[in-house]
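What follows is a short report on a single structure.
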Amino acid sequence: MGYMYDILEDQDVAIETISKDLETILRSIPSYIDIMLSQTMALSQAYKMGRSPKKITAKNIMTLIQFSQNLMQGGWINKDAFAQLPGFDEPQCKKAKTLLGGQTKTIF
C-alpha cells in the first residue's frame with residue numbers, strides 16, 4: 001500500500017477518481033487487517049496446541065499491528081515517525097532524533 005503512494009505524485013492524487021479509489025481502499029483496509037490479526041492469533045493458538053506446523057511469534061503480530069498503524073497514520077507520506085505527531089515540524093523532528101541518538105525508538 002505504501003509503495004502505491006510512493007509511486008503516485010501529488011498531481012496524480014489530485015485526480016478525483018484516483019482520490020476516491022484511494023479513499024475506498026483506506027476505508028476497507030482496517031477490516032482486512034482485523035481479519036489478518038484474528039487469523040494470525042488463531043494460527044498462534046493452533047501452533048501452541050500442536051495443530052499447526054507454522055509458528056507465529058509475538059514479533060509477527062507486532063509487525064502486523066505496526067503496519068496497520070503506519071498505514072492509518074499516513075506513514076507513506078511522513079517517512080519520519082516524529083513528523084506524524086501534531087505540532088512536530090522538520091526542525092523539531094531533527095532535534096528529537098538527535099536526543100535519541102539518530103534513531104526512532106520502537107518499544108515492543
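The values are calculated or read from the model by the stated rules, or taken from the named source; none is laboratory data. Quantities reported herein were computed from a predicted structural model and do not represent experimental measurements. Neighbour counts run over all protein chains shown; Cβ positions are idealised from the backbone, glycine included.
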- Query: Looking only at residues in segment 81-96 that are modelled with pLDDT under 80 and assigned to a helix (DSSP H, G or I), which one is nearest to ASN60 (Cα to Cα)?
  - Reply: ALA81
- Note on the structure: Only one of (1) under 21 Å from the mean Cα position of the chain (by Cα); (2) surrounded by 11 or more Cβ atoms within 10 Å (Cβ to Cβ); (3) not charged (D, E, K, R) does not apply to ALA46, and that is (1)
- Those residues of segment 7-43 which are at pLDDT below 75, surrounded by 11 or more Cβ atoms within 10 Å (Cβ to Cβ) and not hydroxyl-bearing (Ser, Thr, Tyr) amount to LEU8, ASP12, VAL13, ILE15, ILE18
